Structure formats: C-alpha cells, structure tokens
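> Sharing a structure below in structure tokens format, with a few things to ask.
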Amino acid sequence: MKAADWADGRLGIYGLAKSNLRKIFPDHWSFMLGEICLYSFIIIILTGVYLTLFFQPSMAETVYHGSYTPLNGIPMSEAYKSTLDISFDVRGGLLIRQIHHWAALVFIAGMFVHMFRVFFTGAFRKPREINWLFGFLLLVLGFFDGFLGYSLPDDLLSGTGVRFMEGAVLSTPVIGTYLVMFLYGGEFPGNDIIPRFFTIHVLLIPGIMLGLLAAHLILVFYHKHTQYAGPGRSEKNVVGMPLMPVYMAKAGGFFFLVFGVIAAISAIATINPIWQMGPYRPDQVSTGAQPDWYMGFAEGLIRAMPGWEIRFAGHTLVLGVFIPLALFGLILVVLALYPFVESWVTGDKREHHILDRPRNAPVRTAFGAAWITLYLVCMLGGGNDIVATHFHLSINDVTWFVRIAFFVLPVVVFIVVKRWCMGLQRKDKALALHGRESGNMVKLPHGEFTEAHIPLEPEQLYPLVSYDQQVPLKLPPAVDENGVKRKVSLNTKMRARMSAYYFGEKSQIPKPTVEEYKEIASGHGGHH
Amino acid sequence: MAVVVVLLFALAATGGLYAAFAPAKKAQADTSAQSLTVQEGKKLFAVGCASCHGMNGEGSSDGPSLIGVGAAAVDFQVGTGRMPLMQPGPQAPRKKVAYEPAQVKALSAFVASLGAGPAIPSASDYDPAKGDVAAGGELFRTNCAQCHNFVGEGGALTKGKTAPSLKGVSPKHIYEAMETGPQNMPSFGDGTMSDKNRRDVIAYVYSKQGHEASSPGGMTLGGLGPVTEGLFGWIFGLGALIVVAIWIAARTSKVRKS
C-alpha cells in the first residue's frame, strides 16, 4: 500500500487506474485479431533482441570453418557466417531464429485479417479513420521490415531479393540509377547494403512501428471499442466485460497462447533454412526464389507483366518493372483511402460505434472481396513456378491465367459478392417478417400443405432490423424556382451518382417496416 | 596384241593379290558375349523403340537419332523409366522402369554399337562418398540450382517442361544426366565439368536428397522456400491462433445467479 501511495504521488496511477481499469470491452473472437498482431509483434521484438546479440551485420568476406561441415571452406560474408553460427552454435539460436521468422509471418497475416475485420464491419468509419491509417502504416511498415529481415542473412535467397529490389528501384524513371547508387553506396552489391538494412530493420522501422502501435492503442481506448448490434447496445454505450480483471486475465493468457503456438510451429517446422541456400553470390540464383508471402503479390506483378521497355526522350523506361512497381503502391494506397472515399459518398458525419454486418453494405463488402481477389491473383502469379510443378501445369498458362484474371476476376467477384449480400438481405427480411422455418408441415382444411413458421424472439429480431439504411443523395431540381438553371458542381454530381450506386435499389433491399411486420404478425398478410 | 597381254597380266595380278589378301574365312556370326548382348538389344529395340527412333536408331519425325548418344544416355533414359515414352508431351516424365536391368544393358549395348558415345560410368566415378560436399554445393548453386532449386527439389521450365526433383535419383543416373544432358538439360560433359567436379555435385545432391539427409530445423515443408512457408504460416500459425481466440471468447465470465 505504501509503495502504491509512493508511486501515485509521482505517477498519478490512482487516477489512471480509476478511469481505465474498469474500461469495458465487448466480447467477440474477431476483436482479438488485433491482439494476435500485438503479441506476435512483442515476440518478434524479444527474439530480435536476442538475435542482435550474435548477428554481425557486415559484408566483409570470410571463409567458413564452423560446425556445419557441408559449407566448410566456402567464402561468405560475416552476415551469413554469423547467421550460420546462430543456427548451429548459439544455444537456442535456431529456435529463436525460427520463432522470429514465423512470428513475422503470423504478425503480418494477423494484420491482414484484423484489417479486413475492421473493413467488412465498417469499423473504420468516423471517428476511427485516423486509426485505420495508423493500422495501414503498421501493415506497410511490417511488409518492409519483414523484407529487410529476409535480406539480412545474405544467403542466396535474400541476396536475390536485394537484387530484385535494385532492379525495381533502377526502373524508376530518370532518378532510378541515382537512387540505386545512393541506396547501395555504389554498384550492386557493394559493402554497405547489409549494415544499412540492419539499422533500418532493427532501429528505424521498429521505432516508428512502436510509436504507431502506441498511438493505435491509445486511440482504441479513447474511442472505446466498437460492438456488434444487439439488444441494449447503442452508439452511446459499450456492453462487455471490464478490463480488470476479466480482460487482464484473458489478454495475459492469450499472450502466452500466442507465444506457445508460435514456439510450437517453430519447433516443428523449419523456416528459411539458410544453410540449404548457401551464401549469396551475384552470379548464382535458384529457381523457386520467392519473397515471404506478404511480398508475394509484388513478385506476381513482376512475373505476370510483359517485359516492356521503351525509349523516351533519351531515357530507357523499363515499363516491365516500373508498372508493377507503381501498381504495388497503388493497390495498397487504395486500401488506405477507402474510408475517405466512402465517407465522401455517404456524406455521413455521425459517429459509428455499432458495427455493420457485411451484407448490409453490399458495395463495400464487394469492393473488399474484389481487393482480396486481386491480391490473391497476384500472389498466385508470384508462385507461378511452384503452382506449375505441383499441379502439373505449364508455367506459361499459369502466367496467362494471372494476366487475364488480374482484370477479370476482381470484377466477377465484385458482382457475385454484391448479389450474394443482396440475397442475404432478402433472407434476413423474410426471416424478420415470417420467422424461421419450423419443419412442421400443416395441412389446411382445403387441402393445401404449408410449412409453419416460428416468429423470431426479439433479441434475434433486433440485429436483423436495427441497422441504418441510407437514402441515396438526391440532386436538387435542375432549375430553381425562378426557372434559372442551377449550377451543380461536378463533385456533387459524382457524389450523387456514387450514392445512387451505393444505396440505390440495386444495392440494398428495403428493410422490413414496422407496418409490414405488424400486418404479417396479425395474420392478415396471408401465408407464404 | 601387246595391249591384250598387258591387260591379262594386270587382271591376273589384281586377282592374285585379292586372293592373297582377302579375308580367308567366310563372314561368320560373332558369338562373343558382347555381340550377343548387342543382338539381344537389337531385338528389344525393334519392339520397344524402333517405332519412333527407327529400326537402326536413325531417328524419325517422332524421335531423335540415337547414333552417337552412347550407352550412358540409354541407361539414363530407360533406367529411370523415361523411355519408352508413354505418350507425347512437353517432356518424358520419370515412371516405372519397363525393362529388367539386363535388358537395359542390352539396349545400351545396341545403341552404343551404332556410334561412339559416352559409356555407362563405373561405380567409382559417381561414388558420393568420394566427393567434396562443400565444393559440390558451390558447383550446384552455380550450374544446377537455377532449374533444380537450391537443394534439388526441382522447378518449372517453360510450357509444362520441368527440371525434375532429384529426390531418390541414383548417383549413377545423376552422373549420366550430367554427361549426356537428357531432354531440356544442358550436357555437362568432360569439356565443361571434370570427373571430380561431377563427383562433388553428386556428393552434394546426395547429402541433400539421399536417405541420410537431415533437417536441423524441423519439417522441411518441401524445401521449396517461402511459398510453402507462407501457406504453413497462414494455416497452422494464424489458423491455430484464430481457433484459440474463438475458444477464449467463448469462455467468458458470466453473471452468477446466487
């Protein structure tokens, strides 16, 4: 007690505890996806610190005479040698390396799933747009930090990745060559790139990520957590359990479970066995050279792109690389900007703390599904050789499939998912009005058979009908009351169009009204 | 008259010289073991190979000429089941071997008799124990990995062709493949790679793909690199964690009714 008083006098912990310890969080498994990311990030930092104790970020050449005899007498960089030493001579080194790498894959996969939970439920709406951007930045920084980590051991695979990056940067019009010289400190590979990547990988990017993460979590506290619709839940409250003791216990336990699962797969399955790949030499390359999964879509863009090259005003433009590079940025940025596009379309300035069901926002849901499809198609392209050998296909056919699917599949998926959402809305409407099917067949006096429906309980009915349906934005009449043609800005016209698309009758089924419900419930609506 | 006499003498001399130097015995069947094997091979060839490669291995529109490919090429193609071809396709896949070892030998001997070519190597040429694994790894990464992957798991080539996995391929067949360059593979003959180099490469492949190969880090996930690692991470990493999350969320504290 004395110690607590002492600390309170200096840190004000009582006030903090009072306002935060009983903070309420709603309970749902999908709200724990972000936690998976947080915990795997912590695991990455902890294991990463251990690895830095032994890793030598140096490209100085040495000859290996260590305990892994199959590489005896092979010249290699200090970076590669120290990674071999970590794997074979440092106590627990290989396990820690594998935990570090597996946790990185899980971290980014977790961010993806977390992000799409937020996306499909509309949790990015006001007031959470900034937090969406923070999350997006964390994702992209995770990509790049993962890529840098993959590059550090200086094995044949990572060196191929660094070479790939050189090519991508070189393709930047006009300044590409200067950028490469600046980045690599001279011609590829030079002696600078590993030490530079190391500093960026362990200091710069993780530092920024920690800051963003803190901001992300503070905003979650500040905004309070969103919740799914249900009786007693409103835009003004949060229904759930208090942080202390329920979520302290749950979250603490979950951390250890995340650590346990990642440690278990790290003990079972090898990842990035650098001793198999050999040290990097610019004259060597292996087939099946792919980046880690999250960069797979960039690899796919490059692999699917025809090798176009044009000369323009005395410069060679390597479109075969530059277009994929530009698309890489574009595909990601679209995701970052989506909340702002949607709020522009809806013109909605209200705060939203109740989550949407994906089916009730068909255009958004279809857009998200189309984006994922595009991403997966590109990723498939990145693994075209593995797909070809393991499914006995021609790699050329796989590449052509990717080229066509890149344009066609997202559109198909968009249309299908939108219709699917509409179908589910219809189903909800029927369910709300008529109740669920009982399975009991009833024979009426005049001989007709019909199935009896059981009306839903109020708490089942509530989530089906409680959501908002927006009315499409209407343009004012073309002429005003004096017969003068009204000036409507292009912006407004575009908005009206988009709004009609988002909320018109082709994108939402009018939800059941109270009158409809009462009419059917009172038995006048007939049976179906 | 003199002309006639000279002509007669000349004819007599030619005939006499011919009679003196011409092979005395009549042409007669060679009954040595080698020759019998060739004949046996010729018969097998006529049944199993000649429809594409021609009765005397001269080739046709359906198959290349086998004159000069040597016994090593036949031993590889037939010994790994690639030949006889089951159906036309991008390339001949490895399959169940159709002939007994003695028959493979006979076919090899017949094709070798058509023209000089690389012979079947002797066991000491390809003994993995005699090679240097580290040097072989260096050679493998320089010459082989771009098609066969770092550790010989295989990879894709254009239009459905592949560089096959080297798992379970015998050292002799690896040697023969390097020497003869089957199908899409370039040949690493004596001019490119010395016998010692080939032994080193075989030692490397054997260390990675032989039955004594080990994986210090756990399951290799196919040895294919990040593609399978990503798949594994998603399914067994994130997948397991989501199951755990669902489990935790399902066990919530309830208001106790006392």
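The values are calculated or read from the model by the stated rules, or taken from the named source; none is laboratory data. What you are looking at is a predicted structure, and each value in this text was computed from that prediction instead of being measured. Every residue, glycine among them, receives a Cβ derived from its backbone with ideal geometry; neighbour counts consider all protein chains shown. Side chains included, ligands, DNA and RNA excluded: accessible areas come from the protein's heavy atoms. Shrake-Rupley method; radii C 1.70, N 1.55, O 1.52, S 1.80 Å.
> If you line up the long axis of helix A:129-151 against the longest principal axis of chain A, both from Cα atoms, how many degrees apart are they, to the nearest 10?
Helix A:129-151 sits roughly 30 degrees off the main axis of chain A.
> Now, a different point. Which value at 222 nm does the protein assembly as shown reach when only helices count, each DSSP H run of 4 or more adding -39,500 (n - 2.57), with the total divided by all residues and rounded to the nearest 500 deg cm²/dmol?
On the way: 31 runs with 433 residues, N = 786.
Estimated from H runs of four or more residues: -18000 deg cm²/dmol.
> Using alpha carbons only, what's the Rg to Rh ratio of the stretch A:1-133 with Rh from Kirkwood?
Working: Rg = 22.7 Å, Rh = 19.1 Å.
Using only Cα positions, Rg/Rh for the stretch A:1-133 is 1.19.
> In whole percent, how big is the carbon plus sulfur part of the accessible area of the protein assembly as shown, probe 1.4 Å, protein atoms only? Each step should come with its number before you reach the end.
Values: 26760 of 40440 Å².
Answer for the protein assembly as shown is 66 percent, counting heavy atoms of protein chains only.
> Roughly how many whole Å is it from the C-alpha centroid of the stretch A:439-511 to that of the stretch B:97-156?
First find each Cα centre; the distance between them is then 71 Å.
> Here's something else I'd like to know. Among all lysine pairs in the stretch B:40-191 that are eight or more places apart or on different chains, how many have alpha carbons less than 16 angstrom apart? Intermediate results must be reported in sequence, preceding the final value.
On the way: B:Lys42/B:Lys105; B:Lys43/B:Lys105; B:Lys95/B:Lys161; B:Lys95/B:Lys167; B:Lys96/B:Lys167; B:Lys105/B:Lys172; B:Lys130/B:Lys172.
The number of close lysine pairs in the stretch B:40-191 is 7.
> Related question: Solvent-accessible area per residue for chain A at a 1.4 Å probe radius, Å²? Please report the intermediate quantities before stating the final value.
Details: 26210 Å² over 528 residues.
Ligands and nucleic acids excluded, the result is 50 Å² per residue.
> Can you find, among B:Val38, B:Ser60, B:Ser108, the residue farthest towards the positive end of the dipole of the stretch B:33-114? Put +1 on the C-beta of Lys and Arg, -1 on that of Asp and Glu.
The residue sitting most towards the positive pole is B:Ser108.
> Kindly express, to the nearest 10 degrees and within the range 0 to 90, the angle between helix A:156-170's C-alpha long axis and the longest C-alpha principal axis of chain A.
Once rounded, one gets 70 degrees.
> Continuing with this model, one more query. Amide H neighbours of B:Gly63 under 5 Å, counting only residues 5+ apart in sequence or on other chains, H built in-plane at 1.01 Å?
Amide H neighbours of B:Gly63: none.
> Largest first, what is the accessible-area ranking of B:Thr142, A:Thr365, B:Thr158 with a 1.4 Å probe? If you can, show how the numbers build up before the last one.
On the way: B:Thr142 45, A:Thr365 15, B:Thr158 75 Å².
My answer, sorted largest first, is B:Thr158, B:Thr142, A:Thr365.
> Can you list the residues of the stretch B:188-230 whose accessible area drops by at least 40 Å² going from the chain on its own to the full set of protein chains, with a 1.4 Å probe?
Residues meeting the cut-off: B:Lys208, B:Pro216, B:Gly217, B:Met219, B:Leu224, B:Pro226, B:Val227, B:Glu229.
> I've got another one for you. Relative contact order for the stretch A:178-271: what is it in percent, counting Cα pairs under 8 Å that are at least 6 residues apart?
Numbers: 20 pairs, mean separation 8.3, N = 94.
That works out to 9 percent.
> Still on this structure, please answer the following. Express in nm, to one decimal, how much length is gained between B:Ala2 and B:Lys96 on full extension, taking 0.36 nm for each residue of separation and deducting their alpha carbon distance. Kindly include the intermediate steps, with their values, before the conclusion.
Details: separation 94, 0.36 × 94 = 33.84 nm, distance 7.66 nm.
Working it through step by step, the gained length comes to 26.2 nm.
> Would you mind listing how long the stretch A:19-292 runs along its three principal axes, going by Cα atoms, in whole Å with the largest first?
The Cα atoms of the stretch A:19-292 stretch 71, 49, 32 Å along their principal axes.
> Here's a follow-up. Please work out how much length the chain gains when fully extended from A:Asn191 to A:Phe391, using 0.36 nm per residue of separation minus the C-alpha to C-alpha distance, in nm with one decimal. Walk me through the numbers on the way to the answer.
Numbers: separation 200, 0.36 × 200 = 72.00 nm, distance 4.10 nm.
Stretched out fully, the A:Asn191 to A:Phe391 stretch lengthens by 67.9 nm.
> Related question: Just how many % of Cα pairs in the stretch A:322-454 lie over 23 Å apart, if you round to the nearest whole percent? Walk me through the numbers before you get to the answer.
Working: 5033 of 8778 pairs.
Above the 23 Å cut-off, the stretch A:322-454 has 57 percent of its Cα pairs.
> A follow-up question, please. Any idea of A:Met248's accessible area? Nearest 10 Å², probe 1.4 Å.
Ignoring ligands and nucleic acids, A:Met248 comes out at about 90 Å².
> Step through the residues of the stretch A:28-43 one at a time and calculate ³J(HN,Hα) from phi using the Karplus curve (6.51 cos²θ - 1.76 cosθ + 1.60, θ = phi - 60°), rounding each to whole Hz and writing x for Gly and Pro.
Computed from phi, the couplings for the stretch A:28-43 are 6, 4, 6, 7, 9, 5, x, 4, 4, 5, 4, 5, 5, 5, 4, 4 Hz.
> Between A:Ile42 and A:Ala251, what is 0.36 nm times their sequence separation minus the Cα-Cα distance? Round to one decimal in nm.
Details: separation 209, 0.36 × 209 = 75.24 nm, distance 1.34 nm.
Full extension of this stretch gives 73.9 nm more.
> Residue by residue through A:276-285, how many Cβ atoms from other chains fall within 10 Å of the Cβ on average? Walk me through the numbers on the way to the answer.
Values: counts 11, 7, 9, 3, 1, 3, 0, 2, 8, 5.
Mean partner shielding for this stretch: 5.
> Let me ask something else. Using only alpha carbon pairs under 8 Å that are at least six residues apart, calculate the relative contact order of chain B and give it in whole percent. The partial results should precede the final answer.
Details: 314 pairs, mean separation 42.5, N = 258.
Reported as a whole number, the value is 16 percent.
> Further question on the same structure: With θ taken as phi - 60° and the coefficients 6.51, -1.76 and 1.60, list the Karplus ³J(HN,Hα) couplings across the stretch B:88-100 in order, rounded to whole Hz; mark glycine and proline as x.
For the stretch B:88-100, the Karplus curve yields x, x, x, 7, 7, x, 5, 8, 4, 6, 8, 10, 5 Hz.
> Continuing with the same structure: Give me the mean projected area, in nm² to one decimal, of the convex hull enclosing the Cα positions of the stretch A:254-349. It would help to have the intermediate numbers written out before the result.
Details: hull surface 52.2 nm².
Approximately 13.1 nm², given one-decimal rounding.
> Okay, moving on. Which value results when the Cα radius of gyration for the stretch B:123-209 is divided by 2.2 N^0.38 Å? Before the final figure, lay out each step's value.
On the way: Rg = 11.8 Å, N = 87, 2.2 N^0.38 = 12.0 Å.
Rounded to two decimals, the normalised Rg is 0.98.
> Could I ask something else about it? Can you pull the Kirkwood radius for the stretch A:424-474, inverse mean 1/r over Cα pairs, to one decimal in Å? The partial results should precede the final answer.
Details: mean 1/r = 0.0768 Å⁻¹.
So the Kirkwood estimate lands at 13.0 Å.
> Highest first, please rank the peptides A:48-54, A:509-515 by the mean number of other Cβ atoms sitting within 10 Å of their residues.
Working: A:48-54: 15.0, A:509-515: 13.1.
Highest mean packing first, the order is A:48-54, A:509-515.
> FRET efficiency for A:Ile372 and A:Leu219, Cβ-Cβ distance as r, R0 = 41 Å, nearest 0.05?
On the way: r = 25 Å, r/R0 = 0.62.
So the FRET efficiency works out to roughly 0.95.
> Could you sort B:Ser207, A:Ser151 by their accessible area in this structure, using a 1.4 Å probe and putting the largest first? Can you show the working numbers first?
Details: B:Ser207 45, A:Ser151 0 Å².
Result, largest first: B:Ser207, A:Ser151.
> Right, here's the next one. Given 10 Å bins starting at zero, what is the percent of C-alpha pairs of chain B in each, up to the one with the largest pair distance?
6, 21, 22, 16, 10, 8, 6, 4, 2, 1, 1, 0, 0, 0, 0
> If you take the Cα Rg of the stretch A:423-528 and divide it by 2.2 N^0.38 Å, with N the number of residues, what do you get?
That ratio works out to 1.62.
> Another question, then. For B:Ala129, project a label point 7 Å along Cα to C-beta. Then give me every residue of the stretch B:153-189 with its amide nitrogen under 16 Å of that point.
From the stretch B:153-189, the list is B:171-172.
> Please list, ordered by chain and number, the residues whose modelled amide H lies under 5 Å from the amide H of B:Thr162; skip anything fewer than 5 residues away on the same chain.
B:Leu157
> Ignoring ligands and nucleic acids, what accessible area does B:Tyr204 show with a 1.4 Å probe (Å², nearest 10)?
Accessible area, nearest 10 Å²: 10 Å².
> Same structure again: Given H placed 1.01 Å from N in the peptide plane, which residues other than close sequence neighbours of A:Ala269 have an amide H under 5 Å from its amide H?
Distant-sequence amide H within range of A:Ala269: B:Met219.
> Reported to two decimal places, what Rg/Rh ratio describes the stretch A:167-286 when computed on Cα atoms with Rh from the Kirkwood expression?
1.17
> Right, next: Using alpha carbon coordinates only, what is the Rg to Rh ratio of the stretch B:36-179, with Rh defined as the Kirkwood radius? It would help to have the intermediate numbers written out before the result.
Details: Rg = 16.0 Å, Rh = 16.2 Å.
That ratio equals 0.99.
> Dimensions of the stretch B:33-114 along principal axes (Cα, Å, largest first)?
Dimensions of the stretch B:33-114 along the principal axes of its Cα atoms: 38, 26, 20 Å.
> How high is the FRET efficiency between A:Glu451 and A:Lys236 when r is their beta carbon distance and R₀ equals 51 Å, given to the nearest 0.05? Display every interim value, and only then the final one.
Details: r = 41 Å, r/R0 = 0.80.
After rounding to 0.05, the efficiency reads 0.80.
> Using a probe radius of 1.4 Å on protein heavy atoms only, what is the accessible area buried between chains B and A, both sides summed, to the nearest 100 Å²?
4700
> Calculate the dipole size of chain B relative to its Cα centre from +1 charges on Lys and Arg beta carbons and -1 charges on Asp and Glu beta carbons; express the result in debye to the nearest 20. Could you put the intermediate results ahead of the total?
Numbers: 23 positive and 18 negative charges, 277 e Å.
Approximately 1320 debye in magnitude.
> Using Cα pairs under 8 angstrom and six or more residues apart, how large is the relative contact order of chain A, in percent? Can you show the working numbers first?
Details: 656 pairs, mean separation 85.7, N = 528.
Once divided by the residue count of chain A, the mean separation gives 16 percent.
> Against the 2.2 N^0.38 Å scaling, with N counting residues, where does the protein assembly as shown land? I'd like the Cα-based Rg ratio to two decimal places. Don't skip to the answer; put the middle values down first.
Numbers: Rg = 36.3 Å, N = 786, 2.2 N^0.38 = 27.7 Å.
Cα Rg divided by the expected 2.2 N^0.38 Å: 1.31.
> Leaving ligands, DNA and RNA out of it, work out the accessible area of B:Met86 with a 1.4 Å probe and give it in Å² to the nearest 10.
Accessible area of B:Met86: about 150 Å².
> Please work out the average accessible area per residue across the stretch B:33-114, using the 1.4 Å probe convention, and give it in Å².
Accessible area per residue: 53 Å².
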